[in-house]
1. Show me the trypsin sites (Lys or Arg not before Pro) within region 1-83 that DSSP assigns to loop and that have at most 12 other Cβ atoms within 10 Å of their Cβ.
2. Can you give the angle from 0 to 90° between the axis of helix 227-237 and the longest principal axis of the chain, with both taken from C-alpha atoms, to the nearest 10?
3. Who wins for biggest fluctuation among 129, 111, 219 in a Gaussian network model of the chain, springs between alpha carbons below 10 Å?
4. Show that you can apply the helix-only estimate: for the chain, add -39,500 (n - 2.57) for every DSSP H stretch of four or more residues, divide by all residues, and state [θ] at 222 nm to the nearest 500.
5. Restricting attention to region 25-90, which chymotrypsin sites (Phe, Trp or Tyr not before Pro) occupy a DSSP loop and are surrounded by at most 13 other Cβ atoms within 10 Å?
6. Which of 133, 192 has the fewest other C-beta atoms within 10 Å, and how do the rest follow up to the most?
7. Which whole-angstrom value gives the distance between the alpha carbon centres of region 7-79 and region 123-143?
8. By how many nm would the segment from residue 74 to residue 133 grow when fully extended, if each residue of separation counts as 0.36 nm and the alpha-carbon distance is taken off?
Amino acid sequence: MEPQLLHRVADSVATVVIAHPAKRNAMTAAMWRALPELLDTLAADPGVRALVLTGEGGTFCAGADISTLRASPAEAQGLAVRAEEALAAFAKPTLAAIRGHCVGGGAQLAAACDLRFAEEGALFGVTPAKLGIVYPASATRRLKSLVGPATTKYLLFSGELIGTDRALRTGLVDEVLPEGELDKRVAEFTRILVSRSQLTQAAAKEFADGRTDRDAYWAEQMRDNADTAEGVAAFLERRQPRFTWTASG
């Protein structure tokens, strides 16, 4: 199989699959370049209400395919940062479904998702210290926001891999599933996500990510659309709400 990003949309969930199994789904330069454009397309699709990022087969992503990165380290790193930032800015909830190795650029992408579910036995590492590379400031801040300064330093200073127990304990992942249960749990949880208010989710995503200057904007959005009234009516009538507000890319 040629290295590529596969995608599909079903039941309002877009699934993006990192597919380069010959190198444990390492991201080629072409794949780094393609990801932001693909995310823009999916974010603009009103039929997409959530996104899952995962890897082909038994691993998530083993980082960057160094053999395809012929630019300088700074230029190559720039490709990864642009992809990471595009993923972090995706307007709808994102979830990384992780098996096997989630290392280097793979960990960078997983951290840029809103949530991370992992299968038992997955391994996580941030390995620039093994290559003499300075990890990007944006990625370091994002990692610190998940696991705190001490674990960030442990991962970056050592380049050592950690398992799912420590990843869960430190906040790097949100749920750990037994072998064979990851896909079922991701499908179950994304069904919950797409049934909820995108208005609530979009505002919460901005606030949780540190943007606090748009209170007035979100108050106006809540006032000027029917989702709040629909949510209250559905609760009183004991039925599922039919929310119509849609986040855009």
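1. 70
2. 70
3. Its mean-square fluctuation being the largest, the pick is 219.
4. Only helices count here, giving -14500 deg cm²/dmol.
5. When the chymotrypsin sites (Phe, Trp or Tyr not before Pro) of region 25-90 are filtered for loop state and at most 13 Cβ neighbours within 10 Å, nothing remains.
6. Ascending Cβ contact count within 10 Å gives the list 192, 133.
7. 18
8. Full-extension gain reported as 20.4 nm.
Each reported figure results from applying straightforward, stated rules to the coordinates on display, with no laboratory input. Just so we're clear, the structure is a prediction, and the values are computed from it rather than from any experiment. Don't worry about glycine lacking a Cβ; one is built from the backbone with ideal geometry, like all the others, and counts go over all protein chains shown.
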